[in-house]
Each structure stands twice: as C-alpha cells, then as structure tokens.
1. Would you mind giving the three semi-axes, in whole Å and largest first, of the ellipsoid equivalent to the range 90-237 according to its Cα gyration tensor?
2. I'd like the accessible area for Asp534, computed on protein heavy atoms only with a 1.4 Å probe and all protein chains in place. Round to 10 Å², please.
3. In whole percent, and with a 1.4 Å probe on the protein chains, what portion of the accessible area of the range 227-365 is carbon and sulfur?
4. With unit charges on the beta carbon (Lys/Arg positive, Asp/Glu negative), name the residue among Gly36, Val19, Phe85 whose Cα is farthest towards the positive pole of the charge dipole of the range 1-87.
5. When all protein chains stay in place, what accessible area (Å², nearest 10, 1.4 Å probe) is found for Tyr2?
6. Note the full-extension length gain between Arg20 and Gln256 as 0.36 nm times their separation in residues minus their Cα-Cα distance, in nm to one decimal.
7. Give the Kirkwood hydrodynamic radius (Å, one decimal) of the range 155-295, defined as one over the mean of 1/r across all pairs of different Cα atoms.
8. From largest accessible area down, sort His50, His318; use a 1.4 Å probe on the protein chains.
Amino acid sequence: EYAEFLHCKSKKFTDFDEVRQEIEAETDRVTGTNKGISPVPINLRVYSPHVLNLTLIDLPGITKVPVGDQPQDIEYQIKEMIMQFISRESSLILAVTPANMDLANSDALKMAKEVDPQGLRTIGVITKLDLMDEGTDARDVLENKLLPLRRGYIGVVNRSQKDIDGKKDIRAALAAERKFFLSHPAYRHMADRMGTPHLQKVLNQQLTNHIRETLPSLRSKLQSQLLSLEKEVEEYKNFRPDDPTRKTKALLQMVQQFGVDFEKRIEGSGDQVDTLELSGGARINRIFHERFPFELVKMEFDEKDLRREISYAIKNIHGVRQVTGLFTPDLAFEAIVKKQVVKLKEPCLKCVDLVIQELINTVRQCTSKVLISLSQQRPALPNAPLSSQILLLIDIELSYINTNHEDFIGFAKYQRNTQTNKKRAIPNQVGCRRARAAPSAPSGRVRRAPGICRGRERPAPTLALRSVLLRSSSPKTGGIGTAGFPAVSRRAPGGNLCPALPAQTENEDGAQENTFSMDPQLERQVETIRNLVDSYVGIINKSIRDLMPKTIMHLMINN
C-alpha cells in the first residue's frame, strides 16, 4: 500500500501518518495557517489491494461565520466552490447530514436539490447515529420514508475526535461500527445495508452504472471536441516552430481572427449571439443613447441659484450705473450660457471612459479565442487624443454663441407663437395696478402670472411655451435688443406701472412664496435671460448628444 500526491509526484508515501501530515502542510502552504480556504484541490492517489476503484472529492462543510483569516463572504465562497463540483452531470453527490440535526434543515440536501432536482445523482449519508438523544432514532430517514431520495440513504458511524486523537485503528473503527448496527434495535434489521463498507460498495456500483449511462453523451461531446481540434490542427499542421516565416504567418492569422471577432462583437453578428446579457456593440449603444443622455439630465441646475447668478451678472455688467437700461445685456446671457456649457465636460469625459471600459472587455473576450493570454497584463486604450477632441467640441461651442440659430427662441419667434396661440389660450384676468396670483400649480412646478397692459389681455403661457419671453410695453423701445434679445420698458403708455410678477411656487400646504425677490425692472431682465439660456443650452445639449457618439466612433472604435 502506498500513496502519491500530485504536487510531489516523485515521492511515494508508505506511512499514512506522513500522508496526513503532508495534507495539513499543503493546506497551510496554499491557504495559510489561520483557517483560510482555497478552491484548488489537493490531489491524493491511494494504491491498495483493499480499496475499490473510486474517485472521491472531499468538499468543505459550509461555514456560516468567518473565523481567523477567512473572508467575510466565506459562506458564499464555499457554496460557489461546492456548486462548481456537484454541478457536473458525470458525478454522484453524497449529501452528508448528521443524524442529530433536522433533515429539513440540511444544507447538503438543499444544495443537491438545486443541481439535481429529480434526485437522479444524489445519495443520502447519515452520520453520528451514535450521538442521537436517548429514545430517538433515524429509522424513518434510513428507510427512505421521511424525505425520499431515488438512491436512498446509508447510515455510518465514524470515529470520534477522541478516537482520532488516540489514533484508533481504522479496522477497529469499522468493527465497532458493525457492532453498533447489529446491536441497535432500530437498525439491526437493516444492518447489512448500513456502514462504511456497504457505502463503498454502493458508491462503486452506482458510479460505474452512472458512468455507463452518461458515456454515450460524453462520447458524443468528445467526438465533437475532437473534430473541432482536428480542424484547428489542419490550419497549423504545416507550421514549424523553428521556421520564422511560419511563426509570422501564424501570428498574422491570429491577428486577423482577432480583427474579425472584434468587428463582429462591435457591429453585431448572427452567429453565437449572447442571449443572457448585452455585450460589445450593444452595450456601447446603450452608453450612447441611454447612459450619456441620463448623465446630461442629471446636470439640472438649481432654479433659485441660477436666477441669482443672472441677477449678479446683470448688475456687474451695469457696474456703478443703476440697472435702468432699456435693453437686456447680452453679455450677461453669454456669461451664464458659457458657465452652463462648461459643465458638459464632465459627463462627456465620463462617457469616453465608459466606452473605453467596454472596448477593453471586448478585447479580452476576443483575445481569449486566439490564444493570446492577457492574464498578466491589462489592455490599454489611449484616451488622451479622444478626450482632448471631446474637450475641443465643448471649446468650439464656447467660442461663439450663435443667437441666429434656427432653433433658438428669440423675441420675434416668441411674438409669432403668442399671436398663433392667443385664440387657443385661456386668458387670466390680471390688472396692471392690482395683480392676482397665478392659478395653482402642482407642488414644485413654477407658474408665472400673466398681466394686462394698456387694457389688452395677454394669454397665459402654455406648457409648449415654457420659455416665456417678456414683451416690451413701449412702442418706442419695443422690438429686438442687441444679440436678438427683447427690449424692456419700465412704464406703459398712460403712465401706469406694469410690474412683472415674480416667479411663484406652491408648496404642499398650498401657500405661495417668492423664490427670489428683486425689483421689477431687474426681474424682467432675469426672466428674459433665464428663458433664453434654457433655449440655447437645449440646442447645445442636442448637438453634443449627436456629436459625442460620432466622435467616439470615428476617433477610437473605427480606428
């Protein structure tokens, strides 16, 4: 009798005490000395005339609470390790459960049922029958009545820790086990079907039968793999390792294969379609059209802060002079617009990083097929030129504020929209001297009360015209101001003051309060710039959403 380990093949162990010591030493070498774990098995082969031809994989018990150097997710790691082995269709599962534990709570049976729901590969093993409380037994379990298994249950009595420490002989332990089953009133009628020797015979017989049953499908699988390998060998059979030209040709073929696989994953292909998750080009498409627009939407600014910034910009542009100009300052508009456009840099660069990560994953998947190992290195895609180009797009937008853009809502367009919707809109009667509050709006939504100047009704803004531009009430100063902005006037003809009502919000109690208080003249200018900024930034967002995918595709993915 002797034993051999795979990690020290040249050495034969004839003393089984040395075998135990080597198992402990190799465990410490692999996992450390403080109860660590590893999914790498220790391979031990025992040669003896007294054992059966059988391969046994001894899996660890499930640990619920980590101890020593064990990781916090020790239970998850052990379960993953166990599932890796018991999922194999060619193996039988020994579901070991102690007799002094409720069978319904057995982790072993639960996990076995997950991978073998019909119980075709599961054999139940009941241990510690000698430790059950007095007056209780596991007869119903062993007779397969309580939780039936197709292959049934076998009871065993192993050595106790005291026996192991006292180095009790295995033969003596087997004799003691036999005596226990023959003498116990609940088990003596089934003693011939209990015990470790019977378990060995059953395993040998059932494993042989199981292999015989699974052999046809295994054979078919091997033949399929063989044909695939032969086809691959055919491509390389003329290659000589010592011939540099052959090496070059082989490498070129692998690179070409990589190119084909990469293009299929990015552009999409009908063969080998992944039906479990998005991959390659589909994930990049989702970044372009779902994730990136979402990042832009998240940039929404605080309304109160924006109005304050606009008012400060207007005041700073007027400087020491009082804010009594007839025109809304276009420099304030440009300053606010540029500040909003600069904020686009962060989501744009984040989009680039997300696409690069997806490309790296795609490269890894493709290289695994062409024998190029990337286990020791991380594929790197230089994003510096692309990032600088993306930032250049933002800088281009900052370089010129195009207020003549066809989609930009200037005063003239607003005036036409007002005339078109005047008949459809429901006017709110609001006097010049005594203004009424705006109709109630849902909580958090801003409503502005329209007014009547010179006895003429002004229609309430509709949802379609969220960007409302205030109209001048003076025929002399009315019209378009500099940079396409509407001019504003302090007084209407007739000397009546026409104040612009401040924006109002309605809280849950129904009370209304001003979001930002300022004088009427400044309020008009702030309102004008606020809505023009909203219109222009919308144009920029639309442009960036269109250009970002094109730029990334051209400068990185296509290349």
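1. Result for the range 90-237: semi-axes of 39, 18, 14 Å.
2. 30
3. 53
4. Phe85
5. 60
6. Computed gain between Arg20 and Gln256 is 79.7 nm.
7. Final number for the Kirkwood radius of the range 155-295 is 22.8 Å.
8. Of His50, His318, the descending order of accessible area is His50, His318.
The values are calculated or read from the model by the stated rules, or taken from the named source; none is laboratory data. Only a predicted model underlies this, so the values are computations on that prediction, with no experimental measurement involved. Cβ coordinates were reconstructed from backbone atoms using ideal geometry, including for glycine residues, and neighbour counts include every protein chain displayed. Remember, those area values only see protein heavy atoms, side chains included, never the ligands or the DNA or RNA. Shrake-Rupley method; radii C 1.70, N 1.55, O 1.52, S 1.80 Å.
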